[in-house]
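The values are calculated or read from the model by the stated rules, or taken from the named source; none is laboratory data. The shown structure was predicted, so the numbers you read here are calculated from the model rather than taken from an experiment. Cβ placement follows ideal geometry from the backbone for every residue including glycine, while neighbour counts extend to all protein chains displayed.
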Amino acid sequence: MSEVKIVNQDKLRKRQGKLKGRIVDPAARAEIAAVLGKTSRAKDLLIEHLHKIQDKFGHISAQHLAALADEMKLSQTEAYEVATFYHHFDVIKEGETPPPALTVRVCDSVTCDMFGAQALIKDLKASLGNGIRVQSVPCVGRCNLAPVAVVGQNPVDNATVQSVKTQVQAKTVTAPITDYISYQQYLVESGYELYKDCIAGKRNAEDIIKIMENSGLRGLGGAGFPVGRKWRIVAGYAAPRYMAVNIDEGEPGTFKDRHYLELDPHRFLEGMLIAAWAVGIAKIWIYLRDEYAGCRQILEKELTNLKKNPPANMPDIELRRGAGAYICGEESAMVESIEGKRGMPRLRPPFLAEVGLFGRPTLEHNMESVYWVRDIVEKGAEWFTAHGRHERKGLRSFSISGRVKKPGVHLAPAGITMRELINEYCDGMLDGHEFYGYFPGGASGGILPADMGDIPLDFDTLNQYGCFIGSAAVIVFSQHDRARDLALNSLKFFEDESCGQCTPCRAGTAKAVQLMQKTTWDQPLLNELSGAMMDASICGLGQAAPNPISCVIKYFPQELMSRN
Amino acid sequence: MNAPINLSNTIAFNLNGNKVEAFEGETILQAAKRNGIEIPHLCYMEGMRPDGNCRSCMVEIKGERVLAPSCCRAPKPDMEVISNNERALASQKIVLELLLADMPKQDYKPDNELTYWAKKLKVSNPRFEPRMSPDADLSNAAIAVNLDACIQCTRCVRACREEQVNDVIGYAFRGEHSEIVFDMGDPMGDSTCVTCGECVQACPTGALAPAKNAAQIVPDKKVDSVCPYCGVGCQLTYHVKDNHIIQVVGRDGPANHGRLCVKGRYGFDYSKHQHRLTTPLIRRKDALKSETYSVDPANPLAAFREATWDEALDFAANGFKKIKAEKGRLALAGFGSAKGSNEEAYLFQKLVRTGFGSNNVDHCTRLCHASSVVALLEGVGSGAVSNPVADVQYSDVIVIIGANPIVNHPVAATFIKNAVKKGAKLILIDPRRTELARLATHYLPFKPDTDVALLNALLHVIVTEGLVDEKFVAERTENYAALKENIQGYSPEVMGPICGIDAETIKQVARLYAKSKASIILWGMGISQHVHGTDNARCLIALSMVTGQVGRRGTGLHPLRGQNNVQGASDVGLIPMSFPDYVRVDNPEAHAKFEKLWGTELDSKPGLTVVEIIDAAVDGKITGMYIEGENPAMSDPNTHHARLGLSRLEHLVVQDIFMTETAYLADVILPASTHAEKLGTFTNTDRLVQIGRPAMTLPGDARQDLWIIQEIGKRLGLDWNYAGPKDVFNEMRLAMPSIAGITWERLESEGAVTYPCEQEGDPGQEVIFEDDFPRPNGRAKLVPADIIHADERPDADYPMVLVTGRMLEHWHTGSMTRRSGVLDAIEPAPIASIHPLDLDAEGAKAGDILTIESRRGSIALIARADDGIPRGSVFIAFCYYEAAANLLTNPALDPFAKIAEVKYCAVRLTKGGDIPTKLGYHSEAAVA
């Protein structure tokens, strides 16, 4: 109480001359008002607005962020915690340096790592100089063309230092657009006839739902929930009901959604609309990962075309951008993101079907799940179930990458084995590479050795081995690779992508990486940790993250025995 | 908030092999706890929405693939739950071990919950490597931030964002990089943090803890009491060591539910300030009084000499007796305290009425809600609120007009914010864009002084669009015809340009208010402190009556009472026109009742009010005053005039805890007790009577206020023998039907009782006017109002408007809070808030010194840029003695309530001036 306080008057006046906290300057306010224009300031558009700022200025300054918060009647921290959650936003505080105008993003996930991503990153940093930012980023969904470096928004496949440098120097920073089936072409090939029939009442919703149930089609994003059953469940809840289409394809090794989007976007849109009609949906949100800039241009264009000249009545469709967060591929985290918040998965129950977007019952689907609706309904459930191998039914789009001659999206019978895929679809292993092991379902689906390469690949068939098919993202590796290194790569991925909400995942993935980086793994401790993560994490990321660890311990013990 | 628990419905389920009953709405964790089974938990805190993120409470539910968080799951009939098998324990322990691995070696507080559970489950010596430790952030004067002890449970986030809704704390970044941030990752002391301390109270590990390790000190005792500051009446617990309060913790009282604000939580140290008066003082003959006379509170002996209590009390009483004999009883007056207890206030007014022999007794309500009370007494027959603040949870529409509760009733504001977040619509009517505007569905920045124009326009819409509750008007009001006639000329189209709100908005707001299922109006000084304050309040009453928005949950009229006991002080008759319980002194029945009760003749003529008494002092008509716990030399309008009046008194007795500006002019000073040193009852804004208990003994020779008043009373010839506050309270019950049913014992055991409570056994009525109004015919009276302008409007010489008010960190005249380390550290210097463009126009910028002058005085302060202040006006709080705002204010009075127009007068601004090099009351502090 009786401390001698020497007060500097200038400092005092400066401090007391302002309200608490960061004051928004009028110039920043004006700039933000200009950027937002007349668009709605509704809170759920926060991420969309952050993109506008990042796109225009190359970063998001604290002043702009504060001005945006003000415009949207948010507090500064509400805007800040969202902006800093997503890796595509560069929040630059006072006194910090904004990033250079151009960023080259080099993927360092499983397949790209196998194909020399680390060396590429190091060499690019050295040779591109300080004027260019080189960033390691997680899977960009082009694993069949590894390694990949994205110059601005322009992906450089099978990248080398030279090929990247060429693009940088040419300043080619936009994504090339693939040759896809346009709206006109799609219509010519009887596109939207089925949808028109539905709207006109020529088809019956109950019948359509039954067809979907009979087809046995299960969610193709990873969770595998039966599609028809989901429609029935959501339709049973009171209106208004919403729909969310998940194109946040982020599981390392997966690129099938991009593949179909770049080929035939309207087939997915029609399937989406039929689902919306059958279930009774008032509004649809499509959530597209931000790394798919080319797909975004396609979708924006085609949605505009569709809305300008709709085949029949359609519910509102809103396209939303992800912002660099794998966790937003988790359905409830995606819903949070559409609501303008951090992508933190929700605790279940209640499930999305009952309480989803904005508190309403929500139908959530992976893009590919609705991509097949038209085919299944037109050709019949039996057409779909007639496919299959080893007593499994249906078709599956496998995204295959790694040490094979023909990586890419291969549509194959469900239940096919790894070996069969390599031999029948991929033209065998790359020269000099022997089949040693594989990821059956992306980084989270576990790792199996070659001598378990004859297991049918489908839902339910891998669970007994501590693995799962997930999004059918298959990564094949050889004797030139080490399972423990690929497992460490996977865990680093999960550590980076963990949303941070719960202890087992947030702390568990970080501690697991520390343990896996040691020459000798503390296997009992890793197993204990894995058990807790599987049992106690809020969502699938934490629950599945230990799979690579358990698989290496179980199926690749030789790698852990001595200094390999 | 948690789902409400329904005690009448139980659910039987199986827990660890045993049959257990859960109440409907309980979670597995809560049911387990109640049945003696402890499941570890960290992110769950009772009273807060459960978040289920720490994952230490995992249990196995039969049939489920993974474990479930017991804090977030409700039991279903026959559910089988196991919390203690190998699988559940394995997860619980790994979670604790993971968290423990990242903790610092030392605990920041003794009751660290992680330490507790780790010990309980025998988890120690973590086998994981620690993370990188963040640095400490000690930038906030009251709160130490040590995030190396953070377990990311987000209890602080929920405390800040969901309970207090101050929206400062965020959970930024992702994964292992996730961190608790303030604003945008700014040091806490530089952020918008208001230091309410809710986060500290919520933090399980002490990552957020009281500064200077205060939480590490083990208290000798804990005393349950109430906060001394505002009318919300938060319940709290003092942690005391060696007769010092070391920490204040929120308690679950009806008005606050555990929440506190920065003043209540951190403003407790003023009691021990070195300026505390500890001996009676008598003025020295050479210390001649004048309106500008001042005393350095650090050196009272420059103007006074010490005296014994007997000498001082005799001197005090004799001075009054002399004046009474020579000049008559009307030459005496008393100002009692709205901060003292009900018992003190009751005795004080009794002393004036039976000892001095007149009704010249008043207190600072005159400067505050006097106009609201007059309008309410006239309109509904009762001067208190109709519904408690907590009723906003039942409201669909909340109107806040002329009030800034975030600053002046912070904890009450949190409940308003909670209601808005749950869907209630907030209509904020205030020329200043205050922080609440962000949450308002409708924000009406009307022009200062145009309240009646706007309110009558709202009435116009309601009447002309058929939105009147005809039944209610017909059955429960009178004089509607006159009101209806009067508002004809007040259409929104005509009033719009006058009040600055467009007609369409006026209509939308009127419709919203009228049509909602439950609308409530809360108001403050913006309504009351005008020469038309009574008219303003009349309009608010009319709005609620014509729409039937009164007499039910979630509706009604709530003038937010400022002082912690201003409601009580008025209730017990510390006002010139009424005896206790608002019966007029010139009412024959009441007069007879009190003559009988007090056994003496009483004056039946209403006495003078605060400003009138000062005027009478200036004129020499009043020559003796007894001022207790009030500081009119700072709080009265037109300070020069007020101090002139006080200096002209022949005999001024000041009873206070500090050498206030009023005490500078005293003839004798009697050192009294602070709130935390006394036992007494205090009535908050909700009509809640609460008990305040002493936590410390008195310093030096300071005495209890109650004892001092009694001693003076005795010396005036009054036969008083009250043993303590309980005796006084019991007499109050005889005097006041409203509290007749409240026993002292009930107050001691329950802590709080709402009045009216007329019979013992009555629970106490929160919502009143359900069936009728306490007026002769049971009906509310509608009183039309017309536009009256402010007394002194801007002109060429004084072109700007001065609005006075308060600040969050400082209380009223600053005598207490300027002497509190934390509070004064946050706001140490006088400031004037002004729109940045108005600053530009003066060629000044934020931080410059401005001189503000009115016809009555001139002060210099630091300019604070605030674009929420309306153009052409300046806002100054009246808490800085270095730049007393009331030197500028206009003592023009509302004719009915005699309240001064401190919310509006004309001033001019110039850049330049000096502020003192020594600020505040830390007399050693120097300015470099």
In segment B:84-122, the residues that are away from chain A (no Cβ under 12 Å), among the hydrophobic types (A, V, I, L, M, F, W, C) and under 26 Å from A:K518 (Cβ atoms)
B:A118
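Can you find a residue that is within 12 Å of chain B (Cβ to nearest Cβ), within 26 Å of A:D248 (Cα to Cα) and assigned to a helix (DSSP H, G or I) anywhere in segment A:50-65? Walk me through it before giving the result.
Taking segment A:50-65 first, the residues within 12 Å of chain B (Cβ to nearest Cβ) are A:60-65.
This time we only want the ones that are within 26 Å of A:D248 (Cα to Cα), so: A:60, A:65.
So of that shortlist, the ones also assigned to a helix (DSSP H, G or I) come out as A:65.
Yes.
Could you tell me which residue of segment A:19-36 is farthest from the other protein chains (Cβ to nearest Cβ), considering only residues that are charged (D, E, K, R) and surrounded by 16 or more Cβ atoms within 10 Å (Cβ to Cβ)?
First, the residues of segment A:19-36 that are charged (D, E, K, R): A:20, A:22, A:25, A:29, A:31.
Narrowing the set further to residues that are surrounded by 16 or more Cβ atoms within 10 Å (Cβ to Cβ) leaves A:20, A:22, A:29, A:31.
Details: A:K20: 5, A:R22: 6, A:R29: 10, A:E31: 17 Å.
Filtering first and then ranking leaves A:E31.
Suppose we filter B:L236, B:L277 for residues that are of a type in the set (A, V, I, L, M) and more than 22 Å from B:M48 (Cβ to Cβ); which single one remains?
Details: B:L236 fails: more than 22 Å from B:M48 (Cβ to Cβ).
Every option except B:L277 fails the conditions.
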Give segment B:174-219 a look and list any residue that's touching a residue at least 60 places away in the same chain (Cβ under 8 Å), touching a strand residue (DSSP E or B) at 6+ places or on another chain (Cβ under 6 Å) and within 14 Å of chain A (Cβ to nearest Cβ), or say none.
B:A211
Qualifying residue in segment B:872-891 (condition: in a loop (DSSP other than H, G, I, E, B), of a type outside the set (S, T, Y) and at positive phi)
yes
Looking only at segment B:72-99, which residues are part of a helix (DSSP H, G or I) and among the small types (G, A, S)?
B:A88, B:A90, B:S91
Yes or no: segment B:455-470 includes at least one residue that is more than 30 Å from the chain's Cα centre (by Cα), part of a helix (DSSP H, G or I) and surrounded by fewer than 18 Cβ atoms within 10 Å (Cβ to Cβ).
yes
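Would you point out the residue of segment B:264-279, among those that are of a type in the set (S, T, N, Q) and assigned to a loop (DSSP other than H, G, I, E, B), that is farthest from the other protein chains (Cβ to nearest Cβ)? First the steps, then the outcome.
As a first pass, look at segment B:264-279 and keep what is of a type in the set (S, T, N, Q): B:271, B:274, B:278-279.
Cutting the leftovers down to assigned to a loop (DSSP other than H, G, I, E, B) gives us B:274, B:278-279.
Numbers: B:Q274: 6, B:T278: 15, B:T279: 20 Å.
Filtering segment B:264-279 for residues that are of a type in the set (S, T, N, Q) and assigned to a loop (DSSP other than H, G, I, E, B), the one farthest from the other protein chains (Cβ to nearest Cβ) comes out as B:T279.
Quick check, is A:D460 closer than 22 Å to A:A146 by Cβ and within 14 Å of chain B (Cβ to nearest Cβ)?
Numbers: closer than 22 Å to A:A146 by Cβ: no; within 14 Å of chain B (Cβ to nearest Cβ): yes.
Considered against the rule, which asks whether it is closer than 22 Å to A:A146 by Cβ and within 14 Å of chain B (Cβ to nearest Cβ), A:D460 comes out as no.
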Out of A:F477, A:F556, sole residue that is more than 13 Å from chain B (Cβ to nearest Cβ), surrounded by fewer than 22 Cβ atoms within 10 Å (Cβ to Cβ) and over 24 Å from B:P126 (Cα atoms)
A:F556
Condition check: surrounded by 24 or more Cβ atoms within 10 Å (Cβ to Cβ) and within 19 Å of the chain's Cα centre (by Cα). Does B:D362 satisfy that?
no
Mind checking whether some residue in segment A:439-455 is over 30 Å from A:E382 (Cα atoms), without any contact (Cβ under 8 Å) to a residue 24 or more places away in the chain and surrounded by fewer than 18 Cβ atoms within 10 Å (Cβ to Cβ)?
yes
Look at A:L488 and say whether it is among the hydrophobic types (A, V, I, L, M, F, W, C) and in a helix (DSSP H, G or I).
yes
B:R693 fails exactly one of the following numbered conditions: (1) touching a residue at least 40 places away in the same chain (Cβ under 8 Å); (2) farther than 21 Å from B:G355 by Cβ; (3) more than 22 Å from the chain's Cα centre (by Cα); (4) surrounded by fewer than 19 Cβ atoms within 10 Å (Cβ to Cβ). What is the number of that condition?
(3)
Which residues, taken from segment B:852-872, are more than 12 Å from B:S833 (Cα to Cα) and within 14 Å of another protein chain (Cβ to nearest Cβ)?
B:A860
Of all residues being of a type in the set (D, E) and within 22 Å of A:N463 (Cβ to Cβ) in segment A:493-550, which is nearest to the chain's Cα centre (by Cα)? Just the residue, please.
A:D535
Which numbered condition in (1) loosely packed, with under 15 Cβ neighbours inside 10 Å; (2) under 28 Å from the mean Cα position of the chain (by Cα); (3) closer than 22 Å to A:H259 by Cβ is the only one that A:C143 fails?
(1)
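Is there a residue in segment B:660-677 that is in a helix (DSSP H, G or I) and farther than 30 Å from B:A307 by Cβ?
Restricting attention to segment B:660-677, the residues satisfying the condition of being in a helix (DSSP H, G or I) are B:663-665, B:675-677.
Imposing the further condition that a residue be farther than 30 Å from B:A307 by Cβ reduces the set to none.
Checked against the condition, which is being in a helix (DSSP H, G or I) and farther than 30 Å from B:A307 by Cβ, segment B:660-677 yields no hits at all.
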Filter segment A:520-536 for residues that are facing chain B (nearest Cβ under 10 Å) and polar (S, T, N, Q) and give the result.
A:S530
Please determine whether any residue of segment B:848-865 is more than 25 Å from B:G197 (Cα to Cα) and assigned to a helix (DSSP H, G or I).
no
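Given B:S491, B:S528, which one is hydroxyl-bearing (S, T, Y), buried (at least 24 other Cβ atoms within 10 Å of the Cβ) and at pLDDT 95 or above? Explain how you work it out, then say what you get.
Working: B:S491 fails: buried (at least 24 other Cβ atoms within 10 Å of the Cβ).
None of the other options fit; the residue is B:S528.
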Among the residues in segment B:766-782, are any touching a residue at least 24 places away in the same chain (Cβ under 8 Å) and over 30 Å from B:N486 (Cα atoms)?
yes
Segment B:308-344 - residue that is touching a helix residue (DSSP H, G or I) at 6+ places or on another chain (Cβ under 8 Å) and more than 25 Å from B:N721 (Cβ to Cβ) and, of those, surrounded by the most Cβ atoms within 10 Å (Cβ to Cβ)
B:A333
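Specify the residue that is farthest from the chain's Cα centre (by Cα); the eligible residues are those in segment A:90-109 that are in contact (Cβ under 8 Å) with a residue 40 or more places away in the chain, part of a loop (DSSP other than H, G, I, E, B) and surrounded by 16 or more Cβ atoms within 10 Å (Cβ to Cβ). Give the derivation first.
Step one: of segment A:90-109, the residues in contact (Cβ under 8 Å) with a residue 40 or more places away in the chain are A:98-99, A:101-109.
Narrowing further to those that are part of a loop (DSSP other than H, G, I, E, B): A:98-99, A:101, A:108-109.
Still in the list and also surrounded by 16 or more Cβ atoms within 10 Å (Cβ to Cβ): A:108-109.
Numbers: A:D108: 15, A:S109: 13 Å.
Among those residues, the one meeting the criterion is A:D108.
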I'd like the full set of residues that are more than 10 Å from chain A (Cβ to nearest Cβ) and surrounded by 21 or more Cβ atoms within 10 Å (Cβ to Cβ), limited to segment B:46-60.
B:V59
